[in-house]
Amino acid sequence: MAFSSWFSRFRSSSNSLYHSFFRGASFQNLGAQTSVISRTSSSQNGGRRFLLWSTSVVPFALAGSLAFQFQFQLQSNPSFCDDSDIHHRNISFGGKDSTEYVVKGSHNDISQVFIDELGRICKDNMTLDYDERYFHGKPQNSFHAAVNIPDVVVFPRSEEEVSEIVKLCDQYKVPIVPYGGATSIEGHTLAPNGGLCIDMSLMNKVKALHVEDMDVTVEPGIGWMELNEYLEPYGLFFPLDPGPGATIGGMCATRCSGSLAVRYGTMRDNVINLKAVLANGDVVKTASRARKSAAGYDLTRLMIGSEGTLGVITEITLRLQKLPEYSVVAMCNFPSIKDAADVAIATMLSGIQVSRMELLDEVQLRAINNANGKNLPETPTLMFEFIGTEAYSREQTKIVQQIVSEHNGSDFVFAEDPEAKKELWKIRKEALWACFALVPHFEAMITDVCVPLSHLAELISSSKRELDASSLVCTVIAHAGDGNFHTVILFDPKEEEQRKEAEKLNHMMVYKALSMEGTCTGEHGVGTGKMKYLEKELGLEALRTMKRIKTALDPNNIMNPGKLIPPHICF
């Protein structure tokens, strides 16, 4: 129920794509279009909607093009400027200490010649419909907004089409925003400069499965949940599990992780190689299929986490794992959130290899009870999953039960029956939807930070005191095994003071994490929402190095401009 309620807020069923995509009139009668396509175009067939929440992708990532134009652009392109005139050019969003959340940008009309050439490449797989463009320009899980929306949305079906589209955009200097699952929450898919949105949802095939090598090659639009359904009969699975709807391309682009990262690592640890279309249309493959290699620069890791600013990911080869022989799911309660965090640290120090260790505060438990009619104790709670042989899983469970008892824990329960395990783990999986159900019609500022594990208890307990003192409803959810915790801050979007209060709490969490040698984002990525913290976390020289890489690979700055690198970074 909670999932359905949340899902209906953001998108109609993904089934509508296949039933309605080719029925729309969005690309009919191009000759009747005016000579330029403006962002204020009226809708011809308003209301058409589709988001493949299970098979679409936010395929941000990658590289493209040499910097032979750099010297010619030095004087005119603000990307390479001396930052002394930043304020005069009204470039402020996302810069150092920025508190704005509507992303500014410049907009140039797209010529009819470009649209005609694009139509030759994409045929029916594109739309100029205003409602569709507006939908693709507004993140579905995020309060972030931009002054512009895409001028056109395309749906390529092959790597060759992606290459042709990107090459055309580079020729006409049209901005490109990769798009897919729309599950990212830091404004990654905003189009502040208009341009072209490249929705990768139709590239969702499994290209090759190597069971004996335990790897699989996929297109970027396939969802991780759909991939695991495909792999299950082979006794294999892909171990990263972010939110429902996330796709492999988007997971690469944002360098995501999930609850299983404590055992299996993040996206950067689970990608063997990938292919991407660079900003000039060239296609690059980053590595071989060998499990390790010392050959050249690690281009794979450069692409993972680049958020579409270096190119468009078109193929990924992933490491797979054997499905666990046996598992136990356990849950226990604590009088304080610090006690729960202390147990998380003690468990990791004990050497036990938990596969999941999730922390939920009492507000989150109240939301779950409210949404699902449950009667769980509304106290800080830890959830564990242990995997291995039956004997090993039970042994791990007993050791952790002892650790819990030494840190004021109580009500330690565990389940081995498949249905009982599913019911227990459902509590964690429905946490976000339960938050939305707790305060209907509110928006959520969802932020995550990560610190060295030894600082987790201090960070969570000190942040929790300030969250509880706020007038806003705030819940805490943590991947406690790797020091990563999230806050869902609910606020009324019509009340500016509430938004400012939410932003203040966001700042508080981030600066506490940075003071403990942590990061402003453990797994959600930077987008536009976290740019303002990067200078404090990484330093100017690191950001200037990133800017030089971006400039060398994307000299026309067409690849997801205005993301990741703060606008005040110049060289």
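The values are calculated or read from the model by the stated rules, or taken from the named source; none is laboratory data. Everything numeric here is computed off the predicted structure, so don't read it as measured data. A quick note on method: Cβ atoms are made from the backbone with ideal geometry, for glycine too, and the neighbour counts reach across all protein chains shown. We work out accessible area using only protein heavy atoms, side chains counted, and drop any ligands, DNA or RNA first. Shrake-Rupley method; radii C 1.70, N 1.55, O 1.52, S 1.80 Å.
Computed values, structure above
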{"item": "Conditions (1) part of a loop (DSSP other than H, G, I, E, B); (2) at negative phi; number of the one not met by His507", "result": "(1)"}
{"item": "Neighbours by Cβ (under 9 Å, 6+ apart or cross-chain): first from the range 297-325, without any contact (Cβ under 8 Å) to a residue 40 or more places away in the chain; second open to solvent by less than 10 Å² (accessible area, probe 1.4 Å) and of a type in the set (Val, Ile, Thr)", "result": "Thr300/Val271; Arg301/Val271"}
{"item": "Test: residue in the range 288-297 that is open to solvent by less than 10 Å² (accessible area, probe 1.4 Å), in contact with a strand residue (DSSP E or B) (Cβ under 9 Å, 6 or more places away or on another chain) and among the hydrophobic types (A, V, I, L, M, F, W, C)", "result": "no"}
{"item": "Residues that are part of a helix (DSSP H, G or I), charged (D, E, K, R) and either within 22 Å of Leu260 (Cβ to Cβ) or open to solvent by 20 Å² or more (accessible area, probe 1.4 Å) (or both), drawn from the range 438-490", "result": "Glu458, Arg465, Glu466, Asp468, Asp482"}
{"item": "Hits in the range 366-389 (condition: farther than 14 Å from Ala330 by Cα, open to solvent by less than 30 Å² (accessible area, probe 1.4 Å) and of a type in the set (Ser, Thr, Tyr))", "result": "none"}
{"item": "Residues of the range 119-136 satisfying the condition of being assigned to a helix (DSSP H, G or I), of a type in the set (Lys, Arg) and more than 19 Å from Asp109 (Cα to Cα)", "result": "Arg120"}
{"item": "Residue satisfying all of: in the range 401-430; part of a helix (DSSP H, G or I) and of a type in the set (Gly, Ala, Ser); least open to solvent (accessible area, probe 1.4 Å) among these", "result": "Ala420"}
{"item": "Total residues in the range 241-259, condition at pLDDT 95 or above and either assigned to a strand (DSSP E or B) or of a type in the set (A, V, I, L, M, F, W, C) (or both)", "result": "5"}
{"item": "Count - residues of the range 541-566 that are more than 21 Å from the chain's Cα centre (by Cα) and within 22 Å of Tyr179 (Cβ to Cβ)", "result": "4"}
{"item": "Exclusive hit being within 24 Å of Leu365 (Cβ to Cβ), out of contact with any Phe, Trp or Tyr (no Cβ under 7 Å at 6 or more places or on another chain) and open to solvent by less than 30 Å² (accessible area, probe 1.4 Å), set Met516, Met509", "result": "Met509"}
{"item": "Residue in the range 175-214 that is modelled with the lowest pLDDT, counting only those that are in contact with a Leu (Cβ under 6 Å, 6 or more places away or on another chain), open to solvent by less than 10 Å² (accessible area, probe 1.4 Å) and part of a loop (DSSP other than H, G, I, E, B)", "result": "Ala182"}
{"item": "Subset tally (residues that are part of a helix (DSSP H, G or I), hydrophobic (A, V, I, L, M, F, W, C) and touching a Lys or Arg at 6+ places or on another chain (Cβ under 9 Å)) for the range 312-348", "result": "1"}
{"item": "Candidates Thr528, Thr551, filtered to the one that is part of a loop (DSSP other than H, G, I, E, B) and touching a residue at least 24 places away in the same chain (Cβ under 8 Å)", "result": "Thr528"}
{"item": "Selected residue (only one of Glu517, Glu541, Glu537, Glu523 is modelled with pLDDT of 95 or more, in contact with a Cys (Cβ under 9 Å, 6 or more places away or on another chain) and over 26 Å from Asp282 (Cα atoms))", "result": "Glu537"}
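Every residue, every condition in (1) at positive phi; (2) surrounded by fewer than 20 Cβ atoms within 10 Å (Cβ to Cβ), yes or no:
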position	(1), (2)
Pro220	no, no
Gly235	yes, yes
Pro244	no, yes
Cys252	no, no
Arg255	yes, no
Ser259	no, no
Arg268	no, yes
